[in-house]
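Okay, so here's the structure we're looking at.
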């Protein structure tokens, strides 16, 4: 079987595959739900010998409001703690920060073809998700939780 067929089968066996997406820059692009209510991408970029697991998260307006109310030192300390924390997960990440306030973050990891197994795929999905969870928990720790209850969203907004 091809890499695409293997990955598709493994994701289907675990009931994680939600959508097969056309992507002109990829040999394949799968949308997965892992765990429930969390959307992630599994992509094999064209011309690369790896697959990339990615999770992009837009910071919820409720969390942005909490961050806006914080002092500059707290905001800067949070961004530094976030960088150190994500680095310890051994993932790649990109933080979109405007005026010391986190707006969005993207966490990625890759598996090269020679190490691609079902076990490694699931472990990497878990690692990327745990990295996202770290970001959410750190926001709660530094700035507090929003005062309103927000229903879980499948839009990958950082609602709790």
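Within the stretch 14-34, being closer than 20 Å to residue 115 by Cα, without any contact (Cβ under 8 Å) to a residue 60 or more places away in the chain and over 16 Å from the mean Cα position of the chain (by Cα) holds for 26, 27, 28. Annotation: of all residues in the stretch 106-115 being in contact with a helix residue (DSSP H, G or I) (Cβ under 8 Å, 6 or more places away or on another chain) and closer than 16 Å to residue 10 by Cα, the one that is surrounded by the most Cβ atoms within 10 Å (Cβ to Cβ) is 111. Within the option set 130, 96, 118, being modelled with pLDDT of 95 or more and touching a helix residue (DSSP H, G or I) at 6+ places or on another chain (Cβ under 8 Å) holds for one residue only, 118.
From (1) closer than 20 Å to residue 123 by Cβ; (2) under 15 Å from the mean Cα position of the chain (by Cα); (3) in contact (Cβ under 8 Å) with a residue 24 or more places away in the chain, pick out the condition that doesn't hold for residue 37. Only one criterion is unmet by residue 37, namely (1). Answer with yes or no whether residue 68 is under 22 Å from residue 125 (Cα atoms) and in contact with a strand residue (DSSP E or B) (Cβ under 9 Å, 6 or more places away or on another chain). Spelling it out, it is not the case that residue 68 is under 22 Å from residue 125 (Cα atoms) and in contact with a strand residue (DSSP E or B) (Cβ under 9 Å, 6 or more places away or on another chain). Against the condition in contact with a strand residue (DSSP E or B) (Cβ under 7 Å, 6 or more places away or on another chain), at pLDDT 95 or above and over 18 Å from residue 9 (Cα atoms), how does residue 50 come out, does it pass? For residue 50, the condition - in contact with a strand residue (DSSP E or B) (Cβ under 7 Å, 6 or more places away or on another chain), at pLDDT 95 or above and over 18 Å from residue 9 (Cα atoms) - is not met. Restricting the stretch 54-63 to residues that are in contact with a helix residue (DSSP H, G or I) (Cβ under 8 Å, 6 or more places away or on another chain) and not in a strand (DSSP E or B) leaves a set whose member that is surrounded by the fewest Cβ atoms within 10 Å (Cβ to Cβ) is 59. Taking the criterion of being within 13 Å of the chain's Cα centre (by Cα), surrounded by 16 or more Cβ atoms within 10 Å (Cβ to Cβ) and touching a residue at least 40 places away in the same chain (Cβ under 8 Å), the residues of the stretch 64-105 that qualify are 86, 89, 91, 105.
The values are calculated or read from the model by the stated rules, or taken from the named source; none is laboratory data. It should be emphasised that the depicted structure is a prediction, and the values quoted were computed from it without experimental measurement. Every residue, glycine among them, receives a Cβ derived from its backbone with ideal geometry; neighbour counts consider all protein chains shown.
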